[in-house]
Amino acid sequence: MKSQVSYVAVNRAEGPCEETGAVVFHSGDTTPTDYDDGHHHYRGAKVVKVAPGEIAWAVLHQFFLWGQTAPENGGYDKCDFKVMWDNGECYEGRFDLEKDGTADDQTFWTSLRDRVSYYACVRLISTTSAEINTAA
């Protein structure tokens with residue numbers, strides 16, 4: 001059975017003060033509490049319950065909204081994230097938010113898929129150089 005996302009915690013660490021902070025999206029009956037790992041990333045997070053199957057859309061929408069005030073012309077705002085699946089697997093990282101709500105022309109989910117695939121040695125990440133792709 002394919003694992004489902006239990007929750008996604010995102011934290012805009014840079015940007016306008018009124019837009020920085022953390023949001024946790026979940027669709028379960030129980031509000032997750034293990035997103036706060038004791039670091040500053042998710043302390044005081046706004047917790048949002050969404051309909052089952054809507055976490056992916058809610059996260060994309062959040063990055064789109066934040067992207068409206070992200071830097072232009074090659075700049076970005078750092079956003080920390082934590083994705084937890086229902087099988088207990090977790091992936092944490094940083095998403096470099098650009099003006100359009102993407103990072104290097106990738107949505108959050110495309111970027112996550114590429115990272116996880118790369119670290120699982122399933123495929124080479126799209127941003128590696130041609131020399132590295134050829135050598136692999």
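Values quoted throughout were computed directly from the atomic coordinates according to the rules given, and no laboratory measurement underlies them. Since the model is a prediction, treat every value here as computed from it, not as a measurement. Here the Cβ is made from the backbone with ideal geometry for all residues, glycine too, and neighbour counts use every protein chain on show.
Could you grab the relative contact order for the chain? Cα pairs under 8 Å, six or more apart, rounded to a whole percent.
23 percent
Note on the chain: dipole from Cβ charges, positive end direction compared against Thr30, Gly15, Tyr42; the farthest Cα belongs to Thr30. Segment Thr30..Arg113, full-extension length gain: 27.2 nm, with 0.36 nm per residue of separation and the alpha-carbon distance subtracted. The Asp105 and Gln68 beta-carbon pair, evaluated with R₀ = 22 Å, returns a calculated FRET efficiency of approximately 0.80.
Remark: segment 5-108 is approximated by an ellipsoid whose semi-axes, taken from the C-alpha gyration tensor as √(5λ), come to 23, 14, 12 Å, largest first.
The slack between His61 and Cys121, meaning 0.36 nm per residue of separation minus the straight C-alpha distance, is 18.6 nm.
Residue by residue, segment 78-95 carries 3J(HN,Hα) couplings of 6, 10, 7, 8, 9, 10, 10, 9, 5, 8, x, 6, 9, 9, 10, x, 10, 10 Hz when phi is fed to the Karplus relation 6.51 cos²θ - 1.76 cosθ + 1.60 (θ = phi - 60°); x denotes Gly or Pro.
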